[in-house]
Number of protein chains: 2
Amino acid sequence: MLQNSPIKVIGTTREDCAGYAADAYARVNGIGAVCVTYCVGGLSVSNSIAGAYAEKSPVVVLTGSPGMKERINDPMLHHKVRHFSTQKEIFEKITAASVVLDDPEIAFRQIDETLAACMRLKRPVYIELPRDMVDVVPRFPNQITKITEVSNRHALKEALSETVALLNRAKKPVILADVEVHRYGLSKELVQLVNKTGLPVAATILGKSVISEKHPQYLGVYEGAMGHSEVQKAVETSDCLLMLGTFMTDMNLGVYTANLDQSRAIEATSEKIQISHHRYTDILLKDYVQGLLKSPIRKRKITLKKPRASKAPLKATRKPMTVRYLFSRVNEFLEDDMAVVSDVGDCLFGSIDLVIHRKTEFLAPAYYTSMGFGVPAGLGAQVANPKLRSLIIVGDGAFQMTGTELSTIGRLGLNPIILLLNNHGYTTERLILEGPFNDIAEWSYENMPQLVGNGWGCSVRTEIEFDQSLKAALKNKRSFSLLNIFLDKMDHSPALSRLGANLAAKLGKKNKK
Amino acid sequence: MLQNSPIKVIGTTREDCAGYAADAYARVNGIGAVCVTYCVGGLSVSNSIAGAYAEKSPVVVLTGSPGMKERINDPMLHHKVRHFSTQKEIFEKITAASVVLDDPEIAFRQIDETLAACMRLKRPVYIELPRDMVDVVPRFPNQITKITEVSNRHALKEALSETVALLNRAKKPVILADVEVHRYGLSKELVQLVNKTGLPVAATILGKSVISEKHPQYLGVYEGAMGHSEVQKAVETSDCLLMLGTFMTDMNLGVYTANLDQSRAIEATSEKIQISHHRYTDILLKDYVQGLLKSPIRKRKITLKKPRASKAPLKATRKPMTVRYLFSRVNEFLEDDMAVVSDVGDCLFGSIDLVIHRKTEFLAPAYYTSMGFGVPAGLGAQVANPKLRSLIIVGDGAFQMTGTELSTIGRLGLNPIILLLNNHGYTTERLILEGPFNDIAEWSYENMPQLVGNGWGCSVRTEIEFDQSLKAALKNKRSFSLLNIFLDKMDHSPALSRLGANLAAKLGKKNKK
C-alpha cells in the first residue's frame, strides 16, 4: 500500500539508520516518517526516536502489529516481547503522543490528533496499526479534527511591551538564537528582527545555521567557555539577552561553563516566555516573534568584537593532517546548497568553527549526542531536499556503527562527501579517561566502495593529499566520495580540548568526594 | 574499573551487537552481561535485550547514568530523553527485574536480588549505576541475600505419581523437549530420562540441540506442518506427550499448523506443570525432572518412523548453488565442537535439517526472530567457549544489519565460518508479498576482509565451488572465513516454502474480511 501511495519508500539497511534519516528529513522538511516492523523493528529504532524527542524533531513512527483478533488468549506470537502492548508502552516514554488504531470509529480522529501533536510540539509521535485493521471501514464518516492553538492576547501584549521596554533601555542587547527558531519556521522572522533592530546575534551549537553565518551582525556560536571568548563575552555581559527558541542543555551551555544571568535575560521558547524571574505560559512563540517585528524597538548599531576567522595556511604542505587544518580548509571549500551533517565527538566540536553559508543547513545531534547519526542523517537530508549535497563529518567509531548506510546512499545514486576523521578510536573518551577500551579495529574505510558496490574512496595523510582529495570529491557529482583522513589519535579541536579538561576535572572532583 | 577487574571487556562496534553477543554468551555459559552508556547506549541495546527476554536468556544489563546530585532541578544533560528515569522505565518493560543503585544502604541487597531473579527466571535484568554512586561505601556492612526457592513437596509427589501413571498406561508416549531444558541446566537429566524410559524424543526449533541429534531415540525437530511429517505424526498422535521446558510460540508450533491435544499432554515448564487441563504452580522444573528419574516409569522400546536424512548428491556438480544442496552438504561437514549459529529467515528454516552433533550448540532467535542476531551471536558463543567454533548461517539482509561485527571477530583473532546465503533481498518476505521493498543493494560480501583488515572471503556460485570453499574454510583456523553464496532470489528451503504459503493464505484470508 505504501509502495502504491504518493509516499516514496526508501529501505535502509537497519532500522536505527531509518530513524536517523527520518529525523534529518524532518529537520530539513518540517516532518518525517519512519515505518517499522513490530518490536524487532520498533525497538531497533527507539534510540533514534529518543534523539528526535530530545532535540525536538517531528518524526512520525508508523508500525504494524499483530491483529487484534490474534491477540485473544494472549498467544506467543513471534516478535512479541512480554505483552502485545509492550512496544506501545515503550514508545509512550519517547514520543509526544502515541496511539493504537484499534477502533475504526475513532481512528481517523486519533490520526489527526497525533499528527497535530507532532507538528505542535515538534516531537516524534507513534501510530500503531494492527494488521487486521488495515482495511477496516468505519461505520460513520470521519470528521476532520482541526486543532488550532491561540495565544492569550492580553498576556502577549504585556510580554511584548515588557520586552520592548527592556530592549530599548539596555545598552548592550544581544540576541541568542537556538533550534526552535528553525523548528517553528521562524528563520525569516529572525533575520527581519536582526535587521530591524541592528542587534548582534549569536547561535548555540544545536541552533547553528539558524541564521546565515555570513550575516554581518552574526557573532558566532555561543557555547560558554567552549566557544570563542569574544562570543562568550558578548553574550554573558549583555544587559539584555534576548534568547529565542533556546534549549538550555549542558551542551548548549558549554558543559556548564556558561554564566548567564537570568535577571538580565528574556527567554522565549515554545514552552514559555520568561522575562527575568517571571514567566508567561500561554503565548505561542510565533506570535511573540511576529509581535516583536511590529513593536517599536529602536534601531541602533552595536559593534562587538567578533572572533577572528581562523585562516588556513595559504599553501598546503606535506605535513600530516590535523583537525585544525581540516576544519579551516573545509571552510574555504564549503559551497552554497550544501548540508553539513555532523556526527558527535570532535566532528561536532570542530564544526563550531565552520562558517555556514546562506542556503546551507547544519545538522547534528548536538544535545542527545548519539553516535552514528552522521551517515544516515546525511542520507535523510539529501532525500528531503535533492538540491542539497551533504557534507558528512564523522569519526571512525561512529562510522563503524552506521557507515554501512552508504549502501543505501549508493543505491539511490546520491553524492554526499564523507569526511571520516580517523583518529583510531574514541578520542573524545581518551581525553576523559584513556585505556584499551578506547581502541577500535582499524578499518580500511577507503575500501567501502568495494564492499557496497558504489562510490569513490581514498585515504588522506597529508595536507596536500587532503586538498587534492577534497577537490576531487567536490568534482565527483555522480556518487558518494569518502575520505579516510588519518589523524593522530590524540589530535583534536581546541573546543574538545577545553571540554575534555572540563569533564576530567569534574570527574576528578566527583571521584575525590 | 571493569578493565582492572577479572571480567574481560570486549568492545563491539555497536550496542545492539553487544546485546546479541551477550545473549549468545548467556545461552552457552549460563549468564552474560552487557555494559552500556546511558540512553544512547541503553536504548540501542533494547531490541537485543527484548529478544533475550522473549527467549529466556539471562543477560545482565549494566548501565551508567547521570549522578544523583546532578539530577537536582532536572537539568537538560546530554543523553537525557525526557526524565532521568526514562531509560529505567523502558527497561522495566523488557527485563525481569530492574534497579537503580541510588541508595548505598540497600544497593548490595538489590544487586543480589536482581542477579537472583536473572538466574531464577532466565531473563535479562537491569542494573543502573549513577556515576556519583560508584565509590560510595555504605555505612553498614552488607549481608548477602540468599534466595532459595523450593517446591511444594506434596504437589511434587502428586504431579509425579500422576505423570508416572499416565506414561505407564500410554501406548505411544513421546517426549518433546524445548529450550528451558537447556536454560535450567537439565540436558543431562533429559538424556538419562530418555535412556531410562526408552521413549522417543523430539525437539522444537527453539530447543534444537537440547539433546544430541545423533541419539538413537531422537526423532527430529517438531514444528507442526513445517517440520517433517514423520515427526509431526509421532508427536501429534502420541497418547501421552511429555513436554519438557516447552515454549508454546507460533514458531515452535509451526505458525499454528501444530495440532496438539492438551487432554493427552503433560507440559512441564519453569512456570507450571500442566497435566491435561489442570495445573500445579509451585513445583520447580528441576525437582520435577529429577523426580521423574527416580520414579518407577517402565522401560520399553518404541520404534517410530523417523524422517529420512536428506542425502547430498555424491558428487558436486557445476550446477548453481541451491539452499537444498547447501544444507545437505553442511550436514556432512559439521564437526564436533562447532556452534551452529543461525540468523532468521531461511537460515533458520533450512537449519531444521541440520544434524547437530554431541558437543555442538545450536543458537538461533527462533521465537523473537530478530534479524541481525547471527554474526554478533557467533562472536558471543565463541568468546563464551573458546573450544567452540561458530558456523554462522546468515542471510544477506541480516548481514547488512550487523555483519560489520566481523570487525570485532577479526580483532580478537576468532575463526568462525560465515555461510552468507545471498538471495539478493528479503526472500522470506518475497514469499509473502513481493515488491521492490524486498530488494536490497548487492554487496560484494567477499570483500569484507578488505574493509575490516582481517579474515578470508570468497564468492560461491556452484556446488563444486561450495565444496571447495567450505573445505578451505574448515582448514583456515586463523581467521574468519566468509562464503558469499549466490542463490536464486526465489530459492528457499522446503520449510520456508510451507511457511510462506501458510502466511500468504492467512494474510489473504484476513484481507478478504
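The values are calculated or read from the model by the stated rules, or taken from the named source; none is laboratory data. Just so it is clear, the model here is predicted, and its values are computed rather than measured. Neighbour counts are summed over all protein chains in view; Cβ atoms, including those assigned to glycine, are modelled from backbone coordinates with ideal geometry. These area figures cover heavy atoms from the full protein model, side chains too; ligands, DNA and RNA do not enter into them. Shrake-Rupley method; radii C 1.70, N 1.55, O 1.52, S 1.80 Å.
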Place the label 7 angstrom along Cα→C-beta at A:Ala472 and in each other copy, then list the distances from the first to the rest in nm, shortest first. 3.0
Could you tell me whether the protein assembly as shown comes out rounded, prolate or oblate from its Cα gyration tensor? Rule is a ≥ b ≥ c as square roots of the eigenvalues, rounded for a/c under 1.5, then prolate if a/b exceeds b/c, otherwise oblate. prolate
Which order do you get for B:Phe140, A:Phe486 if you rank them by accessible area with a 1.4 Å probe, largest at the top? B:Phe140, A:Phe486
Quick shape check on chain A: root eigenvalues a ≥ b ≥ c of the Cα gyration tensor, a/c under 1.5 is rounded, otherwise prolate if a/b tops b/c, else oblate, and it reads oblate
If Rh is defined by the Kirkwood formula over all Cα pairs and Rg also comes from Cα, what ratio Rg/Rh do you get for region B:315-463? 0.95
Amide hydrogen neighbours beyond the local backbone of B:Ala339, cut-off 5 Å, H modeled: B:Glu361, B:Arg389, B:Ser390, B:Leu391
Tell me, which residues of region B:28-43 get at least 30 Å² less accessible area when the other protein chains come in, versus the chain alone (1.4 Å probe)? B:Val40, B:Leu43
What FRET efficiency comes out for A:Val164 versus A:Met119 if R0 is 30 angstrom and r is the Cβ-Cβ distance? Round to the nearest 0.05. 0.50
Ordered by number, the residues of region A:1-18 with at least 30 Å² less accessible area in the assembly than alone (1.4 Å probe) are A:Gln3, A:Thr13, A:Arg14
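Let's see if you can work this out: charge +1 on each Lys and Arg Cβ, -1 on each Asp and Glu Cβ, no other charges. What is the dipole magnitude of region B:63-156 about its Cα centre, in debye to the nearest 20?
Details: 14 positive and 13 negative charges, 74 e Å.
With only Lys, Arg, Asp and Glu charged at Cβ, the dipole is about 360 debye.
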Quick one: ranking A:Arg153, B:Arg411, A:Arg389 by accessible area, 1.4 Å probe, largest first, what do you get? A:Arg153, B:Arg411, A:Arg389
Output row for B:Ile144: copy-to-copy label distances, label 7 Å along Cα→C-beta, ascending, in nanometres, one decimal, is 6.9
Given a 1.4 angstrom probe, I'd like the percentage of the accessible area of chain B that is carbon and sulfur, rounded to a whole number. 53
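Find the relative contact order for chain A and round it to a whole percent, using C-alpha pairs within less than 8 Å whose residues are 6+ positions apart.
With pairs under 8 Å counted, the relative contact order is 13 percent.
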Total charge dipole magnitude, region B:170-303, about the Cα centre, Cβ charges on Lys, Arg, Asp, Glu only, Debye to nearest 20: 700
Note the distances from A:Glu434 to each other copy's matching label point, with points 7 Å along the Cα-to-beta-carbon direction, in nm, sorted shortest first. 5.9
If you add up the charges near A:Gly11, with Lys and Arg at +1 and Asp and Glu at -1, over every other residue whose beta carbon is less than 9 angstrom from its beta carbon, what do you get? 0
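Over the protein assembly as shown, average the accessible area per residue using a 1.4 Å probe and give it in Å², no decimals.
Numbers: 41420 Å² over 1026 residues.
Averaged over the residues of the protein assembly as shown, the accessible area is 40 Å².
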With every protein chain kept in the model, how would you rank A:Met338, B:Met133 by accessible area, 1.4 Å probe, largest at the top? B:Met133, A:Met338
Which one, B:Val9, A:Val289, B:Val134, is farthest towards the positive end of the dipole of the protein assembly as shown when Lys and Arg carry +1 and Asp and Glu -1 on their Cβ? B:Val9
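At 222 nm, what helix-only mean residue ellipticity would the protein assembly as shown give, in deg cm²/dmol to the nearest 500, using -39500 (n - 2.57) for each DSSP H run of four or more?
Numbers: 36 runs with 367 residues, N = 1026.
-10500 deg cm²/dmol, from helical runs alone.
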Relative contact order of region B:1-152: what whole-number percent is it, with Cα pairs under 8 angstrom and at least 6 residues apart? 24
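Normalised by the residues of region B:98-150, what does the relative contact order come to in percent, with Cα pairs under 8 Å and at least six apart? Please list the in-between numbers first.
Details: 54 pairs, mean separation 25.8, N = 53.
That works out to 49 percent.
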Looking at the protein assembly as shown, what % of its DSSP beta bridges pair antiparallel, to the nearest 5? 10
Could you tell me which chymotrypsin sites (Phe, Trp or Tyr not before Pro) in region B:230-303 are loop residues by DSSP with no more than 16 other beta carbons within 10 angstrom of their beta carbon? B:Tyr256
I'd like the accessible area for B:Asp353, computed on protein heavy atoms only with a 1.4 Å probe and all protein chains in place. Round to 10 Å², please. 60
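In debye, nearest 20, what is the charge dipole magnitude of region A:107-160 about its Cα centre with +1 on Lys and Arg Cβ and -1 on Asp and Glu Cβ, if you could check? Can you show the working numbers first?
Numbers: 9 positive and 7 negative charges, 52 e Å.
With only Lys, Arg, Asp and Glu charged at Cβ, the dipole is about 240 debye.
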By its C-alpha gyration tensor, with a ≥ b ≥ c as the square roots of the eigenvalues, how is region A:1-149 shaped: rounded for a/c under 1.5, else prolate for a/b larger than b/c, else oblate? oblate
Accessible surface buried once A binds B (1.4 Å probe; total of both sides; Å²): 6000
